[in-house]
Structure formats: structure tokens, C-alpha cells
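Reading through the C-alpha cells given below for one structure.
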Amino acid sequence: MRLIDEAIKQRLIRLRNLELLYAKARERIALLEAENKRQKERIAELEKNDKDKGAKLEALAFQLEQIKNKLFGKKPLVYRILPKKEKTTRDSFSYHRPIPEHATEAKSHPVNECSQCHGALNKKSTRSFFEEDIPLPLHKVVIKHEVEVGYCAACRRQSSGYPIPSATSVLGERVKKYVCILSIGSRLSHAEIQEHLRDVFGLSVSLGEIGNILQTEADRLRPEYQALKESVRAQTGTHYDETGWKVQKEEQGKFAWVVAGTDNNDTVFSLGRSRGKGNIEDIGRGKVGISDDYGAYKNVFPAHQLCWAHPQRKLRDVAESGEIPEEKREQCKNAYSQFSKLYKDIRQSLGNNISPYLKRKFQTVFAHIAESHTLDPAPLVKIKTALRKNKEKYFTFLNHPGIPVDNNKAERALRHLVLKRRMSFGSKTQRGAETTSVLASVILSLKWNDPENWFRKYLKPGV
């Protein structure tokens, strides 16, 4: 009996100890569970931050690569320094000049004897060829005007046989128009125009005089400039784009806008502007706007067609990037190849009656390309997000016949302005930017609409 009581006592002691240890253990388990939860949340937060940092690093590395390519080109520097290898052999018949339609002069070259043995010739025939040349050296034409002046006794006013300018020596109209052609058509700066006129014609013209010529001609052509705005605005579709244009004494902005119609080559430039959407109202809002996805074009046009060439170029840059990890690069290449094929198929279908089946097919393939994927790098995620967001605007052409799917026409028009900007570095004043806007619009529209005869047309008196 004593042994049983002792065993019971020991077991009770052990039970109390177990209960005490159990309570402490539960308390410790609760602390560990709370700590484990906090650690998991922290790990999830760090993984998310790490993923975000990885995406940002991918995007920044890609942007840095784009900047390098823009500054130095895609090829290594050594390939751009080494001179190009000339062809070892050239085919003299590889290029044939176009045959002139009209000859300004004809020359006969008879032959009566053999050039080798001086013998008589028989079975003679005539062969013709054309030689194109220009008269050099060119000389300026100086016309001395002797104008009779008389006074009317009745009204006491002076009359002359020809309008007399305020200066004794003036420039003719053809010189003034030629200065505008050199500035706009040939993209020369004021100093280069001055040098050209001196070297070729022996004509001395100051830089200020060149500026006054351009400004006066622009003022004369302002009605034509407004007519071009109306023409572009009334066409089936209107292309829009913008680029930088520095103005030293900036008043409104340092950008240049271009608007081009789809029905002909009428083009309007507006230089020295900001990048705000208010400029679209100034240069003219078309019925169907064709542009890139820059924010200023959002909700501006009754119908808006986004350019397919822009996302294609972006996808190409991502697919060719060396900063994208190898496991993700294949995904970029697939997206680029699929989008390029779709873009090509759509361009081949334009101008025809696109069937409902093709319309659905194009939109289905587009949606498939724009779907997100776990292997998409950050630059590709950004492109696909923009495609999904603006899907309807990429297919505006389906409901508006005659609308192209890219904005290449506006970009080609801006290329002329970009090349001039490299030569002249922009404009000095806001008035100079407006002068270039008018002259570039009128002269380049004339040139692009009639490439063969625009020079003679513009130099024609009264034009």
C-alpha cells in the first residue's frame, strides 16, 4: 500500500511538471509560429523586391544598350573606323542612265574614210547617243535698268516706267527663290548658302540679307501655307509625328511637328513648338489620325490608327538585345517573328476587300502575341501591355478603307528636317522657326508632288 501511494505521488509530480512544460512549450510554439509567419512575409517581400529590382535592371540595361546603339551604332567601333572595301572589279554596264526625252542640241559626226588605213567606207549607218552636261562656269546676270520718271502737272504725282527700289543695287527674284531652294531643298545653312553663291556665281550676299530673303518669301507664301493645312485636314487620313528643333531664343518650344495627308504628298511643318496636344489644333486635326502611341495624340481624333512599325521596331530591338538573359531571349524572338509576319500579312491585304474571316484572324493572332508570359523580360512586358491596352486603335484601318497601318510617311517627311537640323542646328529666333515652317511646307510639298518639274515650277515668275 505504501508503494502504491509513493508511485501515485511520483506520477502526480511528473504530471504537474508535464503540464508546466506543456504550457511553456505551447507559448514557445506560438512565438515560433508568429516569428515563422513574419519571416515568410519578409521573404515574400524580399522576393518581390528582388523580382522588381531584376525587372528594373533588365529595363535599365536594355535602355543603356539602346543609348549605346544610338550613339555608336550596333557594330563595334573598329568596324566603323576601318575603310570600306571597294569592289575589285566593276561592271561598266551595271548602271544605265535614263534616256533623255528631249535634246537641246544635235551634233553630227560624219566619217568618210577608215581611221586605220584611210580606205573607203561602205554600208555606213548612223548611231545615236545622248550626252548630258551643264554649262560651266555659271555667271551672274547683271541687268542695268534705265527707268524714265516723270511728274504729272495735274495730280502732281511721280510716275515711272518700272517700279524703282529704294536701293541702287538689288537682287533679282530668281536669286531670292534660289536662296529658298538652297535653304530648304538642299538643307544648307546661311553660311553655306553665302559660300555657294560666291563660289558658283560670284555673287556677294550677306547673312542678314539671306535671312531677310527667307522671311520675305515666307510672308508671301503664307496663303499657300494655310491652303496646305486645309488640304491635309480634308484628306482621308492624316499622318502626325514630331521631332526636336532647337530655337536659341525659345518662346514656345523646341520641337517640330509634321502633318502629311494620305491622298497626296501635301505636307505641313510647324517648328519651334512644344510637345503639347494644342499643336495638333494649330496644324490641323484630321478625320482619321495616324500616329505613334505618344500621349498627346490620345483622344484627339474622331478615329485613331496607331502605327504598327513602332512596336515592330521595339520588338526587334528586344529580340536582338544582348542584355536579355538567354532563357528569355527565345521568347522575345518568337514575339518579334510572329508580330512581323502579322504586320506583313496585313500590309499585303490592304487595298483589297478584307473578309470577316481575315479580320477575326488578324485580331486573334494579335491577341495571342500580346498575351503575357512568365518568361517575358521587362521590356517585352511593357510592349505587350501597350499592345493589349491599345488593341482597338491598331485595327482602325478595318473600318476606314484607305488608311495605312504605319506612320512611315510622316517619318520620311521628318527625315528631311532632321538632316537640315544637323547642318543648321535649328533656328535662332521664333520668327526664323516660323519662316522655315512655311518655306519647308510649300517647297517640299511642291517637290514631293511633282519631283520632275518642281524646280522649274517654283522658279517660274508669279509662283
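Here are the numbers for this structure:
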read-out: In the stretch 148-177, the residues that are within 21 Å of R198 (Cβ to Cβ) and touching a residue at least 12 places away in the same chain (Cβ under 8 Å); value: L171, G172, E173, R174, V175, K176, K177
read-out: Among the candidates K40, K56, residue that is at pLDDT below 85 and either under 22 Å from L375 (Cα atoms) or surrounded by 10 or more Cβ atoms within 10 Å (Cβ to Cβ) (or both); value: K56
read-out: Tally of residues being touching a residue at least 60 places away in the same chain (Cβ under 8 Å), part of a helix (DSSP H, G or I) and under 23 Å from the mean Cα position of the chain (by Cα) across the stretch 339-397; value: 11
read-out: Test: residue in the stretch 158-175 that is within 25 Å of S445 (Cα to Cα), modelled with pLDDT of 90 or more and of a type in the set (G, A, S); value: no
read-out: Some residue of the stretch 324-333 being outside any helix (DSSP H, G or I), closer than 15 Å to L380 by Cα and at pLDDT below 90; value: yes
read-out: Enumeration of residues in the stretch 296-311 that are among the polar types (S, T, N, Q) and surrounded by fewer than 16 Cβ atoms within 10 Å (Cβ to Cβ); value: N299
read-out: Residue in the stretch 440-455 that is surrounded by fewer than 19 Cβ atoms within 10 Å (Cβ to Cβ) and of a type in the set (S, T, Y) present; value: no
read-out: Matching residues in the stretch 312-324 - criterion: being without any contact (Cβ under 8 Å) to a residue 60 or more places away in the chain and surrounded by 16 or more Cβ atoms within 10 Å (Cβ to Cβ); value: Q312, R316, A319
read-out: Residue in the stretch 203-212 that is at pLDDT below 90 and charged (D, E, K, R) present; value: no
read-out: Unique residue being acidic (D, E) and farther than 30 Å from E173 by Cβ when the list is E105, E131, E146; value: E131
read-out: Some residue of the stretch 246-255 being among the acidic types (D, E) and over 14 Å from A433 (Cβ atoms); value: no
read-out: Answer residue from the stretch 129-149, given it is of a type in the set (V, I, T) and closer than 22 Å to V200 by Cβ and is farthest from the chain's Cα centre (by Cα) among those; value: I143
read-out: One residue from H145, H139 being surrounded by 10 or more Cβ atoms within 10 Å (Cβ to Cβ), touching a residue at least 60 places away in the same chain (Cβ under 8 Å) and of a type outside the set (A, V, I, L, M, F, W, C); value: H139
read-out: Residue within the stretch 177-196 that is of a type in the set (S, T, Y), out of contact with any Leu (no Cβ under 7 Å at 6 or more places or on another chain) and buried (at least 18 other Cβ atoms within 10 Å of the Cβ) present; value: yes
read-out: Members of the stretch 279-295 found to be surrounded by fewer than 17 Cβ atoms within 10 Å (Cβ to Cβ) and either in contact (Cβ under 8 Å) with a residue 40 or more places away in the chain or touching a strand residue (DSSP E or B) at 6+ places or on another chain (Cβ under 7 Å) (or both), listed by number; value: D282, R285, K287, Y294
read-out: Failed condition for A410, given (1) in contact with a helix residue (DSSP H, G or I) (Cβ under 7 Å, 6 or more places away or on another chain); (2) assigned to a helix (DSSP H, G or I); (3) in contact (Cβ under 8 Å) with a residue 60 or more places away in the chain; value: (1)
read-out: Residue check for H145: at pLDDT below 85, assigned to a loop (DSSP other than H, G, I, E, B) and over 30 Å from R415 (Cβ atoms); value: no
read-out: Residue pairs meeting the criteria (Cβ under 6 Å; at least 6 apart or on separate chains; first farther than 15 Å from T238 by Cα, in the stretch 298-310; second not in a helix (DSSP H, G or I)); value: W308/V405; W308/D406; A309/D406; H310/D292
read-out: Looking only at the stretch 71-124, and only at residues there that are among the aliphatic types (A, V, I, L, M) and surrounded by 10 or more Cβ atoms within 10 Å (Cβ to Cβ), the one that is modelled with the highest pLDDT; value: A103
read-out: Counted residues, the stretch 217-271 - those being hydrophobic (A, V, I, L, M, F, W, C) and either outside the structural domain of G295 (by TED's automatic domain parsing) or surrounded by fewer than 17 Cβ atoms within 10 Å (Cβ to Cβ) (or both); value: 2
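The values are calculated or read from the model by the stated rules, or taken from the named source; none is laboratory data. The structure displayed is predicted, hence computed values, not measured ones. With ideal geometry, Cβ positions are generated from the backbone for all residues, glycine too; neighbour counts draw on all protein chains shown.
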